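Student: Below is one structure. I have some questions about it.
Just so you know, all these numbers are worked out from the coordinates, no wet-lab data involved. Because the structure is predicted, anything quoted here is derived from the model rather than measured. No Cβ is skipped: glycine too gets one built from the backbone with ideal geometry, and neighbour counts run over all protein chains shown.
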Amino acid sequence: MSKPNLLLVPGLLCDKRLWQAQLDGLLHAAECIVADVSTADTVEAMARGILGKLPAGPFAVAGLSMGGYVALEIVRQAGARVKGLALLDTNARPDSEQATADRRRMMALAETDFERVVSALVPKLLSATHQRDAAIVSTVRAMARATGKEAYRRQQQLIIGRPDSRPHLAAIRCPTLVLCGAEDALTPPALHEEMANAIPGSRLVMAPGSGHLTPIEAPSLVTHNLRHWISGLGG
């Protein structure tokens, strides 16, 4: 039996390295494809661009944070093709006025001091324990630098303009995994409970001791739960 195609969508200032443990751990379970999230500045355009590069036919999609906003848009644009949905450390709500103001301030700072933006993000992305893990912090910084300030600006624009996905959650019919770091400061557990309660038959998983970047902070737990989810997608 052929392996299902699994689209992995990174978050803000992240790239393929976010999913490295899953790319290794799901080698025999799925054909993994990591989306390029550096080029578009709206959720709709990013979803359209990603779909245009995917092989024909059905696929499953897992998105983290901004990648979750894009995954939800992919379901809206190509729902008939989506066999499964995994929403990690993300949120179905639109941006709040305060969050938008904070983003615009950071975008302005990035123009003159991108490194300061990266340094300010680290404590928001990782749990207190993982902020002291040199290898994890180094990976986060390397992904951010590789993404760069121009793509960062586009990504923040996309996040600011994202739609309210809550009205669409009840219509999701594919097997859905909702997973969150128990110490996620950016998209706390309550936001995941809200999504899981609204999506019929979804499964909610908490990652103890993890912050916002669960694929890196809790790699074994994330891989195990993605494998379990993939195994339930059927033919």
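Student: Count the net charge of all other residues whose Cβ sits under 15 Å from the Cβ of Gly79, scoring Lys and Arg as +1 and Asp and Glu as -1. Walk me through the numbers on the way to the answer.
Tutor: On the way: positive: Arg48, Arg76, Arg81, Lys83, Arg173; negative: Glu44, Glu73.
Result for the neighbourhood of Gly79: +3.
Student: Starting with the fewest neighbours, write out Val75, Val205, Val9 ranked by other beta-carbon atoms found within 10 Å of each beta-carbon.
Tutor: In order of increasing Cβ crowding within 10 Å: Val205, Val75, Val9.
Student: Top mean-square fluctuation among Gly209, Gly84, Gly67, Gaussian network model of the chain, C-alpha springs under 10 Å?
Tutor: Gly209
Student: Would you calculate the separation in nanometres between label points at Ser119 and Glu194, each defined as 7 Å from the Cα along the Cα-to-beta-carbon direction?
Tutor: 3.3
Student: Using a cut-off of 9 Å between beta-carbons, work out the net charge of the residues near Asp41 (Lys and Arg +1, Asp and Glu -1, Asp41 not included). Before the final figure, lay out each step's value.
Tutor: Numbers: positive: Arg153, Arg154; negative: none.
Result for the neighbourhood of Asp41: +2.
Student: Between Glu111 and Ala185, what is the label-to-label distance in nm when each label sits 7 Å out along the Cα-to-Cβ direction?
Tutor: That separation, rounded to one decimal, is 2.7 nm.
Student: OK, next. Restricting to DSSP H runs of at least four residues, report the calculated mean residue ellipticity at 222 nm for the chain, -39500 (n - 2.57) per run over all residues, nearest 500 deg cm²/dmol.
Tutor: -15500 deg cm²/dmol, from helical runs alone.
Student: For the charge dipole of the chain, defined by +1 on Lys and Arg C-beta atoms and -1 on Asp and Glu C-beta atoms about the Cα centroid, which residue among Ala30, Thr112, Val205 has the Cα displaced farthest towards the positive pole?
Tutor: Ala30
Student: A follow-up question, please. Be a star and scan the stretch 192-210 for residues whose amide nitrogen sits under 18 Å from the point 7 Å along the Cα-to-Cβ vector of Arg76.
Tutor: 195-196, 198-200
Student: Work out the FRET efficiency for Lys16 and Ala135 from their Cβ-Cβ distance, taking R0 = 25 Å, and round it to the nearest 0.05.
Tutor: 0.90
Student: Further question on the same structure: Estimate the FRET efficiency between Ser220 and Ala142 by the formula 1/(1 + (r/R0)^6), using the beta-carbon distance for r and 30 Å for R0, to the nearest 0.05.
Tutor: Numbers: r = 22 Å, r/R0 = 0.72.
After rounding to 0.05, the efficiency reads 0.85.
Student: Determine, from the Cβ-Cβ distance of Ala170 and Arg104 and an R0 of 30 Å, the FRET efficiency 1/(1 + (r/R0)^6), rounded to the nearest 0.05.
Tutor: Efficiency, rounded to the nearest 0.05: 0.40.
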